[in-house]
Amino acid sequence: MPMSRADVLEKPSLRELLAVAVISASVLGLQMALMRTLSISRWHHFAYLVVGLALLGFGASGTWLGLFSHRLIPRFLPWCRGLTLGLAISVNLCFRLAEMLPLNIQYVLFSGEQIFYLFCYQVLIFVPFLFAGVLIGLCLIRFSSSVHQVYGANLLGSGAGPAIALGLMTWLSPARIVQATGLLIWATVFLWRVETRDKALWRHLAIPLLVGLFLTLDLAALSMPLRIDPHKMLAEMRRWEKQGDAQHLVTRQGPRARLDVFSSPRLHYTLFAGLTAVVPPPPQSLLLVDGDTAGPIFRIDVQTEAAILDHTPMSVAYRLSPRPKVLLLGETSGVNVWLARRFGATEITVVLENPQLLELFRGPLIDRGGRVFEGRDLRVQVASPRHYLEYSHEHFDIIQVASAESMAAGVSSLLSLHENYLLTVEGMARCLEHLTPRGLITTTRGLQSPPRDNIKILATLVKAFEQIGIRKAANHLCQLRNHLAGCTLAARQPFHLKQTQDILRIGDQLWLDIDTLPGFDPSSRKPFNQLIGPEGTKGSFFELAAARIFSADREKFFKDWAYNVRPATDDRPYFFDFFRWRSLPKFIESHGHYWFQRLDLGYMILVISLAQIVAAAILLLLLPLFVWARKRTTASPLTLFYFLLLGFAYLALEMSLMQRFTLLMGDPLLAAGAVLSGFLFFSGCGSLCSIRWVHSPLKAIAVSGLAITLIAPLVLFLSQSLLGFVATWHTAGRFVFSLSLLAPLAFLMGWPFPAGMSLLEESSPALLAWAWGFNGFASVAAAPLTVLLAMSFGFRLVLTLAIMAYLFAVVSGLRLWRTVG
């Protein structure tokens, strides 16, 4: 039965708009809470894979509404109340059921049972987003004549959701926020009106109150069970604790990370200590960040107890620089503070990105090694390392890139999806500019086979030297290694003869092999740590790579190497992305059945996520549309292309600017909050105002589309050109400045969708639900697609494609509806 005009022309009340806003805020908050929860209990990649597919519920809701909206609209309010209750229940219930599944993501490729568990897990997380998509889409169709109001409320609520969720994560765990989200959605039931003539009025109160009681008891009395991946260090430490071999000291929750500290006599962890070490590590605790090892916390009071640090590759820079002024970028556990003190550092500046780390050391850990961050020789700056380099005017004798000091990313590439603006050409150039004339940059990474991390660091520093005008970078670089890690040294001035001799002497003392050093032939010395090298040569792959990077055929080396070791840039800030399609067949051949476990997973997870979304869209959206359209002769599905373009363009533009504003804000968390919440909030304002400012939907599409294509490049230009100026401002000032840059663009981006829906309501109202589904699908697919494009080609290309998509949307909209508007 087709919908009548009376069914869709009624305007929404303030209560109904508020209900849409609250549900939208809750769903975006739920998304963020799930991402954080799964990053802790599983892995960031798994969270991306599961939540990415779950969000397709918004796309699938278009199919549901396209097929059944004519049955839902006549009983709109009862369905809204029922869907809201279903959403509230499913948020908690589905996540609990999903976490009960014995899923081990490491064995998905080797077990049909694990594949089934993964499918069930994804379906369970998918259900709440399907409920939410149907509910919001139903409101858009019911009030299609006032779509700008409903869509505006949707965007305003979506903008508030991430900000509220991030604020709550300071006090509540992400799992608790999932529970609280269900209770908030339940309260929305009472915003939907109840027909006064309904004889079963008691039912509309009794059932919601019963559900509310259940959700309240769930939040108050039951914790959300988390199945920690058995391969994470948090699971291992809990096993030690059950055996009586470890003590859990403290846990801190926050929007940036979950911090755990364990103490155990079995911990003897000193990163990269060489074979010359004859003293044991000091008593220590272990710091975990999101369940993974971040580093040891030495429970000592004086630097003499940290003698084992003298035998690490990180000590080489300190041996070359007497009484240095030191900058530690991204230090977490304080170990490198002890290292600097052991070698007589006169002044130490520590840059911490997570303020909760400092609170942890100066609070519950103060008597368990926390005093490492106290002393007259120490200053602590809470900032991202790159942002500190942008606003600081100080110069240092040693800049230690402590955030890079971990085992290599090659085994599972857990960092490959993370943007890192320090380990880019521009970031390393800033480090070089902050060195004194005798200064050194020191960066240490674990070894891997085939090598990639340390090679990429060397290549990045070569490009950084060239960026500041130094062409013979080989004279400024040294790379040496023990059996565990490689250390790359970059000197502001060329290494002179005495420094070269000192490095050779230190190498002999610490059993370090030197792969590149000005005026030194590595083949002239017998190696301490023999590594496999190219066939027919005696040298290591590191030696070969250094020679090629310093030569004229550097580009050919980048193309021929098995991994992507081309330097990262601010436009492509993915230092830990080493994946290359060309090398995949050889990788499978080398590792056999275990190729997936040894693969750089980040890139592949994006590909799998996009493939899943496209396959699900074909099954849940395109095939039902094809079957449905065959029975309709008046509706042209070609009009849906407009909404597909809008969905991609909005997300691609948002993500491109979020990347740029990370540098401007100096904090990835603040940048995500400012761009995501700001975009959605101002787009909601634009949607609400569009009908008043431009009465013709066609004119709204033309004006907004053309304005967006002009303003977006201007916003990008201003954010780049004013970076150095704004970096010195207070956080609040940078936040306001960022919002003021985003506001005009985001305001206009709220116009095209409601304008298109208004025109579709006039020409083909039967396609309204499908338009909502196509827009949702494109928005979800755009997330992995834009990151894939950015990793391969850069964010400038993504921005260009987003602008082109808006232009194509404008052209297609004007052509499709020129006779309507």
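Which of the following residues is at pLDDT 90 or above, in a helix (DSSP H, G or I), open to solvent by less than 20 Å² (accessible area, probe 1.4 Å) and within 28 Å of SER223 (Cβ to Cβ): GLY137, GLY152, GLY133, GLY161?
Working: GLY137 fails: within 28 Å of SER223 (Cβ to Cβ); GLY152 fails: within 28 Å of SER223 (Cβ to Cβ); GLY133 fails: within 28 Å of SER223 (Cβ to Cβ).
Residue meeting the stated conditions: GLY161.
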Quiz item: Which ones in segment 342-372 are under 24 Å from the mean Cα position of the chain (by Cα) and among the polar types (S, T, N, Q)?
Solution: ASN354, GLN356
Quiz item: In segment 567-583, is there at least one residue being at pLDDT below 80 and under 29 Å from the mean Cα position of the chain (by Cα)?
Solution: yes
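Scan PHE717, PHE682 and give me the residue that is closer than 30 Å to LEU18 by Cβ, aromatic (Phe, Trp, Tyr) and open to solvent by 40 Å² or more (accessible area, probe 1.4 Å). Explain how you work it out, then say what you get.
Numbers: PHE717 fails: closer than 30 Å to LEU18 by Cβ.
Criteria check complete, one pass: PHE682.
Would you confirm whether any residue within segment 539-558 is over 26 Å from PRO522 (Cβ atoms), in a loop (DSSP other than H, G, I, E, B) and out of contact with any strand residue (DSSP E or B) (no Cβ under 9 Å at 6 or more places or on another chain)?
So the first thing to find is which residues in segment 539-558 are over 26 Å from PRO522 (Cβ atoms), and the list is none.
Checked against the condition, which is being over 26 Å from PRO522 (Cβ atoms), in a loop (DSSP other than H, G, I, E, B) and out of contact with any strand residue (DSSP E or B) (no Cβ under 9 Å at 6 or more places or on another chain), segment 539-558 yields no hits at all.
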Self-check item: Per-region count, segment 54-85, residues open to solvent by less than 10 Å² (accessible area, probe 1.4 Å) and under 30 Å from PRO230 (Cβ atoms)
Solution: 3
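Residue by residue, here is whether (1) of a type in the set (A, V, I, L, M); (2) over 30 Å from SER812 (Cα atoms) holds:
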residue: CYS685; (1), (2): no, no
residue: SER690; (1), (2): no, no
residue: TRP693; (1), (2): no, no
residue: LYS699; (1), (2): no, no
residue: ALA702; (1), (2): yes, no
residue: LEU710; (1), (2): yes, no
residue: LEU723; (1), (2): yes, yes
residue: VAL736; (1), (2): yes, yes
residue: LEU739; (1), (2): yes, yes
Self-check item: Output for segment 728-780, where each listed residue is open to solvent by 40 Å² or more (accessible area, probe 1.4 Å), without any contact (Cβ under 8 Å) to a residue 24 or more places away in the chain and in a helix (DSSP H, G or I)
Solution: ALA732, VAL736, SER740
Self-check item: Count of residues meeting criterion [outside any helix (DSSP H, G or I) and either among the acidic types (Asp, Glu) or surrounded by 19 or more Cβ atoms within 10 Å (Cβ to Cβ) (or both)] in segment 86-122
Solution: 1
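Using the structure shown, decide if SER403 is at pLDDT below 90, of a type outside the set (Lys, Arg) and touching a Leu at 6+ places or on another chain (Cβ under 8 Å). It would help to see each step written out before you state the result.
Working: at pLDDT below 90: no; of a type outside the set (Lys, Arg): yes; touching a Leu at 6+ places or on another chain (Cβ under 8 Å): yes.
For SER403, the condition - at pLDDT below 90, of a type outside the set (Lys, Arg) and touching a Leu at 6+ places or on another chain (Cβ under 8 Å) - is not met.
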Practice problem: Give the residues of segment 244-286 that are under 14 Å from LEU360 (Cβ atoms) and free of Cβ contacts under 8 Å to residues at least 60 places away in the same chain, sorted by residue number. | Solution: HIS248, THR251, ASP260, PHE262, LEU286
Practice problem: Kindly state which strands (runs of 3 or more DSSP E) lie completely within segment 249-337 and contain at least 1 residues that are in contact with a Ser or Thr (Cβ under 7 Å, 6 or more places away or on another chain) and open to solvent by 10 Å² or more (accessible area, probe 1.4 Å). | Solution: 259-263, 292-298, 325-329
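So that you can scan it fast, the table gives a plain yes or no per residue for (1) surrounded by fewer than 19 Cβ atoms within 10 Å (Cβ to Cβ); (2) in contact with a Pro (Cβ under 9 Å, 6 or more places away or on another chain):
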| position | (1), (2) |
| --- | --- |
| THR442 | no, yes |
| LYS456 | no, yes |
| PHE465 | no, no |
| ALA474 | no, yes |
| LEU484 | yes, yes |
| THR500 | yes, yes |
| ILE503 | no, no |
Practice problem: Could you tell me which residue of segment 531-549 is nearest to GLN448 (Cα to Cα), considering only residues that are surrounded by fewer than 17 Cβ atoms within 10 Å (Cβ to Cβ) and hydrophobic (A, V, I, L, M, F, W, C)? | Solution: ILE532
Self-check item: Tally of residues being in a helix (DSSP H, G or I) and open to solvent by 80 Å² or more (accessible area, probe 1.4 Å) across segment 222-248
Solution: 4
Self-check item: Hits in segment 95-154 (condition: farther than 29 Å from GLY82 by Cα, within 24 Å of the chain's Cα centre (by Cα) and not aliphatic (A, V, I, L, M))
Solution: ASN104, GLN106
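The values are calculated or read from the model by the stated rules, or taken from the named source; none is laboratory data. Please read these numbers as outputs of a predicted model, since none were measured by experiment. FYI the Cβ positions are ideal-geometry reconstructions off the backbone, even for glycines, and counts take in every protein chain you see. All accessible areas refer to the heavy atoms of the entire protein, side chains included, with ligands and DNA or RNA removed. Shrake-Rupley method; radii C 1.70, N 1.55, O 1.52, S 1.80 Å.
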